[in-house]
Structures are given as C-alpha cells and as structure tokens.
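> Dropping a structure here in structure tokens format, bear with me for questions.
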Amino acid sequence: MREEDDEPVRDGHPGPVSDEWVPARPHPALRPFIASAVGYRYGGSASGVHRGLPSPSLTFVVTLDEPLVLAAHPDPQQAPGRYDALLGGLHTRPALITQTGWQAGVQLALSPLGARALLGLPAGALASLDCPVADVLGTDGAELIDRVRSAPDWAGRFAALEHVLLRRLQADSVPAPEVVEAWRLTLASGGRLRVADVAGRVGWSERHLLTRFRAETGLTPKEAARVVRFDRARRALAARVAGGGPPDLAALAVATGYADQAHLTREWRAFSGLPPTRWLAAEFGIVQDGRTPVSTP
C-alpha cells in the first residue's frame, strides 16, 4: 500500500500532524477486497466512549501502542475485552470503544466479499463478533502485528500489512456469483432495492437468497440494505456538519431513501443507540449552532 499524496487529515479535512489520519492506496491485487486503508493517531487528553457503528465493511485494526478497549460488543453476549489487533464482522448494533489518551493504529475496511480471499473464511463466520486477529489468521496474524508495530513510519506499516495479505490472498476464493451480484445491487442502490427485486435480478427465490446471503455476509438481505442506507446517511450528515452546515434531518431522510425524518430517527436509534442529534453531540461536539465539530476517526 502507498500513502496517498494528501497531508494528514481528520475526517477528510486537513488537520495538525499531532492528530493524524493518513489514507493509503491498496495494492491493485487487494483493491477488490479492501474498501479503505488508513493510519490514525488521535486523542491526546480526550477520553470517553466512541461508538463503532454498523457499516458495509468488516473492521480490521492493528494498534501501535495502547490496545483497543471494547466495553461492549455488537453481540451483547460477548464479554468486554482488550485487543492489540481486532477483526470485527458485520453487525447491526454499535460497539462501545473506551477512549483514554492517545489511540494509534492502522485500520482497513474489508469487503465481506473478500473475507474468503484474505481471511480464509466467509464473513458470516464473524457476524456481530470482535476477534483477535491472531485467532483468525494464526501465525500470519502474529507476524502481521509484529511487522506493523516494528515499522518506523506509515509507509512501512502499510507495506507490512500488504506483505502478509498478498501472501495470503486467494483471489479465486469468492462467494457465489449470485451473492456477489446481490451485494453489488444493494450497495449501488444505497439500500433502496426491495429484497424481492434483488432476488428476481439474481434469479433466486427470496428464501434461498436469504439463506445464502446471510451465510456469506452475516446479514440478511434486508439487514444489509438497512445498514447500507444508514451508513450513507451517517456519512452525509457528518460531512455536512464538518463543513459548517447545520443538520437538516428532513432533507437527509429524503436524500438517503427514508420515508421521513421519523423513519430516519428510528433507524438511527436502532443502529447507534442514540437519535441523530445526540449522536452528533456525543461524537463531534455541539452542532446545533452550525459549528464545525471536533472529529475523531
């Protein structure tokens, strides 16, 4: 992976070097399976709880110093834990991450369709779970963590990740074409296509699509559509507020395919545990007056 040419950024906007957010461009062979790759260092004296929200990507994090401390997982039956490196599956509940002082690491967003190729198992096997990387990748995972932590700079850390992942890559280990197309349609439509329409387009019954899709991704087709729609709405809202504009939840609901603002708010509560305005205040600071929030990766 190569560092992008941009200067370090915070949530997409230039920021001081002390608060780094460094994107990288994955190797061409890895790009079909990795949606994004970033290095981050942030926090300082900040502390509190960050909500890891549902998204269409698996989370792959290797920390550089302090471990990730999860106070709660998407699966409430999973005990709290500390992770030097973590793999998190697709989920529909927030993870609660305790933040104390500086946090630094490298984070990848993995497509669920790439789980077989890179991890050697379907994304469905990790549904709603947070697992130590070494538990999933074995000795490759231990080597990857050691290489990343030993590297002297961001370029070296990305190169260390790439070295191990390219060695593991089995590019022909992919889900059934019908599942791949169903996932593509869900993403391309922003989660607006009805499950019946998706099933019809791939040539499967709704029941068969549900079974195969959930086994491969960890979500049902309907859950995946809801997660994709929520993820787009969340990113649009955060970008608007970060740009200095006040939230306009009614317009956001229309733009992202919700029936109305009440529908948007219900889904936001379901996925984050908070209504949109309270989520913004918790994650970014007070936003009602249109000020740019203090952001975290």
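> Is it the case that some residue within the range 36-44 is within 23 Å of A123 (Cβ to Cβ), touching a helix residue (DSSP H, G or I) at 6+ places or on another chain (Cβ under 9 Å), crowded, with 21+ Cβ neighbours inside 10 Å and not hydrophobic (A, V, I, L, M, F, W, C)?
no
> Going residue by residue through the range 61-82, is there one that turns out to be more than 17 Å from the chain's Cα centre (by Cα) and basic (K, R)?
Looking for residues that are more than 17 Å from the chain's Cα centre (by Cα) and basic (K, R), one finds at least one in the range 61-82, hence yes.
> Do any helices (runs of 4 or more DSSP H) entirely within the range 200-256 hold 3 or more residues that are within 30 Å of A281 (Cβ to Cβ) and touching a Phe, Trp or Tyr at 6+ places or on another chain (Cβ under 9 Å), and if so, which? Before the answer, list the steps.
Working: elements: 206-217, 221-242, 249-255.
Hits in the range 200-256: 221-242.
> Another question, if that's okay. Taking the conditions exactly as written (assigned to a loop (DSSP other than H, G, I, E, B), under 20 Å from the mean Cα position of the chain (by Cα) and in contact (Cβ under 8 Å) with a residue 12 or more places away in the chain), does S173 satisfy them or not? Give the steps one after another, and end with the answer.
On the way: assigned to a loop (DSSP other than H, G, I, E, B): yes; under 20 Å from the mean Cα position of the chain (by Cα): no; in contact (Cβ under 8 Å) with a residue 12 or more places away in the chain: yes.
Criteria not met by S173.
> May I pose another question? Read through the list (1) surrounded by 17 or more Cβ atoms within 10 Å (Cβ to Cβ); (2) touching a residue at least 12 places away in the same chain (Cβ under 8 Å); (3) over 21 Å from P54 (Cβ atoms), then give the number of the only condition that C131 fails.
(3)
Read-outs: derived from the displayed coordinates by stated rules, not from any lab. This one's a predicted model, so the numbers in the text were calculated from it and none came from an experiment. Neighbour counts run over all protein chains shown; Cβ positions are idealised from the backbone, glycine included.
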